[in-house]
Amino acid sequence: MKKTFKKTFKKPNIISIRALTVTAIMSALSFALMMIEFSVPFMPPFIKFDVSELPALITSFAFGPQYGVLVCLLKNVLHMPLSQTQYVGELSNFLMGAVFVFVAGAFYKKKKTRNVAFLGAMAGNFAMAVACFLVNFFITYPIYMKILIPKEAILGMYQAILPAMDSIWKSILVFNVPFTFAKGLVSVIITFLIYRKLSPILKGKLEYKS
């Protein structure tokens, strides 16, 4: 009876506490990585490169997609006091990052093999690139153009790099979408380089198999 009670109640509680603890730590790390951003050549100056989705992706693989999404949420909540975009940038970052890590984690949760993890990560990255277009075109840029930057000024920054950019949707498709995919790819590569050694540390002494 004691053994059954342990299996049914104690182990999930321990896993839950560890998952929440790791999620909190990874959220703080993700926030720190969000602060280490920089411009890249051939991109408008307001588009920055960072790898803040990396901790969320690792957490999603380690404990499940819901925890990865929670890292994305907490990271952006922590960043809100520093927002220079009336929280629009944080909303956009959360939506795209959540799509990435949820899809990747959902794949891996179904079958925990290296091949499925890679397939899930790439599917998540592709989904994030699609979300990049939809979120920017329908949410982020319309709000930016209403309260922050005129449409002409935004287009001007794209046209300074590629004069053929004569619309917002073309600019997002040509610049933002490939850039977002490349950002995600960096996180995927780093995850695959470190996850095997990091996973036992994140999970502690428990060998959790689903």
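Read the figures in this text as sums done on the coordinates, not as results from a lab. From a predicted model like this one, the values you see are computed outputs, not experimental measurements. Cβ atoms come from the backbone with ideal geometry, glycine included; neighbour counts cover every protein chain shown.
Name the residue that is nearest to the chain's Cα centre (by Cα), counting only residues in region 106-142 that are assigned to a helix (DSSP H, G or I) and charged (D, E, K, R).
109
Taking residue 198, is it under 30 Å from residue 113 (Cβ atoms) and of a type in the set (A, V, I, L, M)?
So residue 198 fits the description; yes.
Mind checking which residues of region 93-116 are farther than 15 Å from residue 183 by Cα and among the polar types (S, T, N, Q)?
Answer for region 93-116, where residues must be farther than 15 Å from residue 183 by Cα and among the polar types (S, T, N, Q): 113, 115.
Looking only at residues that are under 14 Å from residue 43 (Cα atoms) and of a type outside the set (Val, Ile, Thr) in region 152-164, which one is surrounded by the most Cβ atoms within 10 Å (Cβ to Cβ)?
158
State whether one or more residues within region 67-78 are in contact with a Cys (Cβ under 8 Å, 6 or more places away or on another chain), touching a residue at least 24 places away in the same chain (Cβ under 8 Å) and among the hydrophobic types (A, V, I, L, M, F, W, C).
No: zero hits.
Looking at (1) among the polar types (S, T, N, Q); (2) out of contact with any Asp or Glu (no Cβ under 9 Å at 6 or more places or on another chain); (3) surrounded by 14 or more Cβ atoms within 10 Å (Cβ to Cβ), which one does residue 167 not meet, given that it meets all the others?
The number of the failed condition is (3).
Anything in region 31-58 that is in contact (Cβ under 8 Å) with a residue 24 or more places away in the chain and of a type in the set (Phe, Trp, Tyr)? List them, or say none.
31, 42, 46, 49
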